[in-house]
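The values are calculated or read from the model by the stated rules, or taken from the named source; none is laboratory data. Computed from a predicted structure; not experimentally measured. Every residue, glycine as well, gets a Cβ built from its backbone with ideal geometry; the counts of neighbours run over all protein chains shown. Heads up: the accessible areas ignore ligands, DNA and RNA and are worked out on the full protein's heavy atoms, side chains in. Shrake-Rupley method; radii C 1.70, N 1.55, O 1.52, S 1.80 Å.
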Amino acid sequence: MKTIVAVLALAAFSQAYPESRATCEECTQGLQNFPAAIGELSDMLEEDLGHHYCQKPDDPCFITEFVNDWFPAVLDEFVAAAAADVCTTLGACSQAAVREVTCQDCETGVHDLSKWL
């Protein structure tokens, strides 16, 4: 999981630090593996989302369906299947330099990916 997030962070920061971009191959591979890594966290996601959004006993809660059916399909279609396009948009496919990733880089990279989605 850390590797995937690191690759996303590298891709997102590629425009901010042109001398230190991830390779296009690293970015693409990381995004293609991202849905599976998130899928491994499905129990935690279901619990957390249920805690925040399923507060009313009379209202149906569709968190289980969201986490197990809808969310993986969206990640497969818009992240994994579009990995090359996402990495190009994030600027990772224009240069081949690699740099160390900090915690701040990682957090901002995931935030930038969420804005793209």
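Projecting label points 7 angstrom from Cα along Cα→Cβ for Gln104 and Glu47 puts them 3.2 nm apart. In the context of the full protein assembly, Lys115 retains an accessible surface of approximately 140 Å², using a probe radius of 1.4 Å and ignoring ligands and nucleic acids. Ordered from largest to smallest accessible area (heavy atoms of protein chains, 1.4 Å probe), the residues Phe34, Phe78 come out as Phe78, Phe34. Computed from backbone phi, the HN-Hα couplings of region 48-55 come to 5, 5, x, 4, 8, 10, 10, 8 Hz, rounded to whole numbers (Karplus: 6.51 cos²θ - 1.76 cosθ + 1.60, θ = phi - 60°; Gly and Pro given as x). The solvent-accessible area of Glu46, taken with every protein chain present and a 1.4 Å probe, is close to 50 Å².
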